[in-house]
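The values are calculated or read from the model by the stated rules, or taken from the named source; none is laboratory data. It should be emphasised that the depicted structure is a prediction, and the values quoted were computed from it without experimental measurement. Virtual Cβ from ideal backbone geometry, glycine too; neighbours counted across all protein chains shown. Heavy atoms of the whole protein, side chains included, go into the accessibility calculation; ligands, DNA and RNA do not. Shrake-Rupley method; radii C 1.70, N 1.55, O 1.52, S 1.80 Å.
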Amino acid sequence: MKEKRYGLFTAIAMIVGIVIGSGIFFKSDNILVATGGSISLGVLVFCIAAIAIIFGSLTIAELASRNTEAGGIITYAESAYNKYIACAIGWFHTFLYYPTLIAVVAWVAGIYICMLFEINSTLETQTLIGVVVIIYMYVSNVLSAKLGGYFQNASTVIKIIPLILIAATGLIFGNVDTVVVSDFTNMQSFGWIAAIAPIAFSFDGWIVATSIGHEMKKPERNLPKALVIAPLFILAIYLLYFVGISSFLGPDVVMQMGDAHVDLAANKIFGPMGAKIIVTFVVISILGTVNGLTMGHIRMPYSLSIRGMFPNYKKFSKMNERLIMPVNSSIIAFVITCVCMVIHYLTQKFPMLQNADISEISITINYVLYILLYVKVFRMGCSKEIKGVWKGIINPIFATIGSLIILFGSMSNPLFPLYTLICGLLLVSSVLFWKYQSKNVDIEENITR
């Protein structure tokens, strides 16, 4: 895969487009509930949770600038440690992280599309529309990688519009004084820690940009820039939106209305057509998230296969010369996602996850896995391989703290032990697979030589 198709803006758009999806629109009320209606405390928790993405991306940028091979995080793990850890992280992203997120976000797209076109919004209809969205995204990205990049750029620009409009309206016409006078008394009860989980969901997905690093123009320069610029931009947008809509409607109204607070704000700002306009923007926003995740997922089986770390790796490591895309890799990634969509449907049809979804299985554990890479950067900083105390010492320390904060905040979920068990079983399976597979790969390499 030698063609360089993506520039700096596409990488930034990919991170911003994936991270800013549906989460910020329907998580603001959850955050206020967790903070007891305190906007100031909500802002503080936003900043605390943002430590994970900002310092995490700054830390990963150091590894990204040193390695531009296919695989992104798989490559970094292999270079930093060994093939066992690389295989484990690769399997985790291929079988859990990407497909569960894609399935859930595509389903959310179905919910808002039903709302937009006034379709009878049953779980079956939402899921069916979600499947159609998934099919379209996988097919379009396989047939034209550039088209996927263009859509990512456009959707990112479009999705920022409603956020800025609501933020600006709230800051100009809202009661901004409520931000100043809201207190931190609820901090003593530690109930605010629960706000970290929805914020983590809203911030998740930034690592996906590393999957296209080998297809970027000047990746050693552009990818680290994207990993630094995008998270800071996202934090600024989130804070402006959260403060704006909370000031405009008032925290009590936001908490009382729940997810419908966006519709209320839209009607107050734009009039009767406001809800339609905002929902249209939200749909585009969600589709941009699905597209970005798809761009990353279709390359994961390929990245594992070229290292012999995937079942039937010879088949899935093939590149289609005409499309310059790993078509077989894309097909198996699509199948995995469809399986996750079926599982998601069943968990929603028969309430198994107690007001949760299958994507929560992977988000927290993913941040825990990042700690391995942060430790590597820290060691490189201590050995002076990375020059500068800030880059090699401070960044990885704060990135690790950020991941631990997300872990601590997620442990309040009663199903956390089950999620951890599922992720643990997959990681152990990947290590056992590579222990067996590595012997076959070594034998084939010796025969080739």
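From Cα pairs below 8 angstrom and at least 6 apart in sequence, can you work out the relative contact order of the chain, rounded to a whole percent?
Values: 744 pairs, mean separation 147.0, N = 449.
Across the chain, relative contact order equals 33 percent.
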Distance between the C-alpha centers of region 365-442 and region 313-340? Whole Å please.
27 Å
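Once you have the Cα-Cα distance between Arg322 and Thr280, take 0.36 nm times their residue separation minus that, and quote the gain in nm to one decimal. Numbers along the way, then the final one.
On the way: separation 42, 0.36 × 42 = 15.12 nm, distance 3.53 nm.
Additional length available on full extension: 11.6 nm.
Can you put Met309, Met273 in order of accessible area, largest first, using a 1.4 Å probe? Don't jump to the answer; show the numbers that get you there.
Details: Met309 0, Met273 120 Å².
Ranking Met309, Met273 by accessible area, largest first, yields Met273, Met309.
When the solvent-accessible surface of protein heavy atoms is calculated with a 1.4 angstrom probe, in what order do Lys435, Lys159, Lys384 fall, highest first? All intermediate terms of the calculation are to be shown ahead of the outcome.
On the way: Lys435 120, Lys159 0, Lys384 150 Å².
Result of the area sort, largest leading: Lys384, Lys435, Lys159.
So if the hydrodynamic radius of region 304-449 is defined as the Kirkwood radius over C-alpha pairs, what does Stokes-Einstein give as its diffusion coefficient at 10 °C and 1.306 mPa s, in µm² per second? Intermediate values should be presented prior to the final figure.
Details: Rh = 18.8 Å.
It comes out at roughly 85 µm²/s.
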For the residue pair Met352 and Glu69, what label-to-label distance in nm results when each label sits 7 Å from Cα along the Cα-to-beta-carbon direction?
3.8 nm
Would you work out which of Trp390, Ala34, Gly17 lies farthest towards the positive end of the dipole of the chain? Charges go on Cβ: Lys and Arg +1, Asp and Glu -1.
Trp390
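Taking all protein chains in place and a 1.4 Å probe, what share, in percent, of the accessible surface of the chain do carbon and sulfur account for? Mind dumping the intermediate values first?
On the way: 12200 of 18040 Å².
Carbon with sulfur: 68 percent of the solvent-accessible area.
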With every atom except the alpha carbons ignored, what do you get for Rg and Dmax of region 51-104, in angstroms?
12.2, 34
In the chain, if every C-alpha pair distance is counted and binned at 10 Å from zero, what percent goes to each bin?
4, 21, 32, 27, 12, 3, 1, 0
Would you mind giving the three semi-axes, in whole Å and largest first, of the ellipsoid equivalent to region 240-396 according to its Cα gyration tensor?
38, 28, 18
Rounded to the nearest 500, what is the chain's calculated 222 nm mean residue ellipticity when only DSSP H runs of at least 4 contribute -39500 (n - 2.57) each, over all residues?
-24000 deg cm²/dmol
From the Cα gyration tensor of region 262-308, with a ≥ b ≥ c the square roots of its eigenvalues, which class applies: rounded if a/c is under 1.5, or else prolate if a/b is larger than b/c, or else oblate?
prolate
Considering only protein heavy atoms, what is the solvent-accessible area of Phe310 at a probe of 1.4 Å, reported in Å² to the nearest 10?
10 Å²
Please report the accessible area of Leu287 (heavy atoms, 1.4 Å probe, ligands and nucleic acids excluded) in Å², nearest 10.
40 Å²
